[in-house]
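Starting off with a structure, shown below.
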Amino acid sequence: MKILGIESSCDETAAAVVENGSKVLSSVVASSEKLHAKTGGIIPENAARRQLELIVPVINKAMKLAHQTPTTIDAIAVTVGPGLIGSLLVGVETAKTLARLWNKPIIPVNHLVGHIYATWLQTKKPRFPALALVVSGGHTDLVLVQGHGKIKWLGGTRDDAAGEAFDKTARLLGIGYPGGPAIAVQAALYVKRNPDVKFNLFPRPMMSDKNYDWSFSGLKTAFLKEVQNKELSAGQRTKLAAEVQEAIVEVLVKKTLRAVKEHNPKSLLLSGGVAANTRLREKFSDEIKANGLAISFHVPEPKLCTDNAAYIAAAAYYLKDSQETDDVFANPQLTISD
Ligand code: KG4
Ligand code: ZN
């Protein structure tokens, strides 16, 4: 079964063709990152306008690269939320139009659930029950996945998402947008020069609380105090980047592994844009080993962690939840367990 996936929830315009939920025949991602770098963040109006310009060329390219025509595609999958309403509408309305024109079933996909299915695009498939941590620019959610589409929410952020903490602190350091990759580069420079250093400058909010919630807004305030009214040298900037990365990574790993011990899942899945972070991936692997946890750890290759349409098509294949075209709507407020 070949599914054309369409993703336009934020600042990436993406289309992909995936066969049987696991073989990526094409995956095209056009990012309007450079446009948003100029403003230091996303202006929803600008993002939606760019989505409009890019959506048709991106879909055409994905179909062409996968050597597909409308007759060889079995279904169309589209992200319906959460995200920015203007951006979502572009993908949803395009998908609905194509579904009608080509007479194909349409499968609406929750963007956050989609992120989890990036782990199904790897050769080693997850097994149920699985525990999944989704860390993106707008969300931080820990869920138990008991089967396809059977998701139980365990906890999440009470304020800023993990990706937002990266983006906001990078902005305070003046090192670029999106912040996660920029912080990671600076942090790696610092660790290379100071391999044995211990990090403890910033608080680890809620790390010992007996729940699965996070809070990252205090971290941003603590960071602001460190940089405010100071002329920072390049070396100081790398140190601050390494400190904040470690604070974010440590709370994510500690609480997630506590949930592993409590719920005893067969697989642990890490996904969302922040899952592209090398230090986060490495710390999860190290701590799983150090704690002697018998769990298989699944994290997509970095380019499948950040927004793309391949995981949307994969999720649609496993969820098999096709809807009447008229019943498919964009919903910016969708949560992971909706
Ligand atoms: O999932 P995603 O591509 O888009 C959303 O659904 O939000 O996630 C984007 C987030 C941004 O906050 C970005 O800074 C972060 O993922 N990110 C990273 C890395 N690559 C992307 N954060 C830390 N390290 C990275 N290497
Ligand atoms: Zn995302």
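Read-outs throughout are calculated quantities, based only on the coordinates presented, and are distinct from any laboratory measurement. This structure is a prediction, so every number in the text was calculated from the model and none was measured. Reconstructed Cβ throughout: ideal geometry from the backbone, glycine too, with neighbour counts over all protein chains shown.
Counting other Cβ atoms within 10 Å, which trypsin sites (Lys or Arg not before Pro) in region 50-129 have at most 16 and lie in a DSSP loop?
K124, R127
Measure off 7 Å from each Cα along the Cα-to-Cβ vector at Q122 and R204, then give the distance between these two points in nanometres to one decimal.
A separation of 2.4 nm, rounded to one decimal place.
Still on this structure, please answer the following. Considering the chain as a Gaussian network with a 10 Å cut-off on Cα pairs, which listed residue, P195, P205, P126, attains the greatest mean-square fluctuation?
Ranking P195, P205, P126 by mean-square fluctuation puts P195 first.
Based on Cβ point charges of +1 for Lys and Arg and -1 for Asp and Glu, what charge dipole magnitude is obtained for region 243-338 about its Cα centre, in debye rounded to the nearest 20?
Using Cβ point charges on Lys, Arg, Asp and Glu, region 243-338 gives about 580 debye.
Then there's this: Go ahead and estimate [θ] at 222 nm for the chain from helices alone: -39,500 (n - 2.57) per DSSP H run with n ≥ 4, summed, over the residue count, rounded to 500.
Computed ellipticity for the chain at 222 nm equals -14000 deg cm²/dmol.
Here's a follow-up. With a cut-off of at most 16 other beta carbons within 10 Å, and DSSP calling the residue loop, which trypsin sites (Lys or Arg not before Pro) in region 237-296 qualify? Please list them.
K266
If you place +1 on the Cβ of every Lys and Arg, -1 on the Cβ of every Asp and Glu, and leave all else neutral, what size is the dipole of the chain about its Cα centre, to the nearest 20 Debye?
860
Once amide H atoms are placed 1.01 Å from N in the peptide plane, what residues at a sequence separation of 5 or more from G155, or on another chain, have their amide H within under 5 Å of its amide H?
Distant-sequence amide H within range of G155: L142.
Rounded to whole Å, give me the distance from the Cα center of region 179-208 to that of region 67-118.
With region 179-208 and region 67-118 each reduced to a Cα centre, they are spaced 38 Å.
How far, in degrees from 0 to 90, does helix 85-102 lean away from the longest principal axis of the Cα atoms of the chain, to the nearest 10?
30
May I ask you to compute the full-extension gain from D74 to L52, defined as 0.36 nm times their residue separation minus their alpha-carbon distance, rounded to one decimal in nm?
Result for the pair: 5.5 nm of gain on full extension.
Tell me, what HN-Hα J-couplings in whole Hz come from the Karplus equation 6.51 cos²θ - 1.76 cosθ + 1.60 at θ = phi - 60° for each residue of region 191-198, using x for Gly and Pro?
5, 5, 7, 10, x, 9, 6, 9
Mind running the shape call on region 18-135? Use the C-alpha gyration tensor, a ≥ b ≥ c as the square roots of the eigenvalues: rounded below 1.5 for a/c, prolate if a/b tops b/c, oblate otherwise.
oblate
Put a dot 7 Å past each Cα toward the Cβ at D213 and W153; how far apart are the dots in nm?
Going from the W153 label point to the D213 one covers 1.2 nm.
Can I ask one more? If amide hydrogens are placed 1.01 Å from N in the peptide plane, which non-local residues have theirs closer than 5 Å to the one on L25?
Counting only residues 5 or more places away or on other chains, the set is V17, V18, E19.
Further question on the same structure: Relative to the longest principal Cα axis of the chain, at what angle does helix 162-173 sit, 0 to 90 degrees, rounded to 10?
Between the helix axis and the principal axis of the chain, the angle is about 60 degrees.
Quote to one decimal, in nm, the extra length available between E301 and V227 on full extension: 0.36 nm per residue of separation minus the C-alpha distance between them. Before the final figure, lay out the partial values.
Numbers: separation 74, 0.36 × 74 = 26.64 nm, distance 3.34 nm.
Extra length from E301 to V227 when fully extended: 23.3 nm.
Which FRET efficiency value, to the nearest 0.05, is calculated for A188 and A290 with the Förster distance at 25 angstrom and r the Cβ-Cβ distance?
Between A188 and A290 the formula returns 0.70.
Residue by residue through region 130-137, what is 3J(HN,Hα) from phi via Karplus (6.51 cos²θ - 1.76 cosθ + 1.60, θ = phi - 60°)? Round to whole Hz and write x for glycine and proline.
Karplus values, whole Hz, x for Gly and Pro: 10, 9, 10, 9, 10, 10, 10, x.
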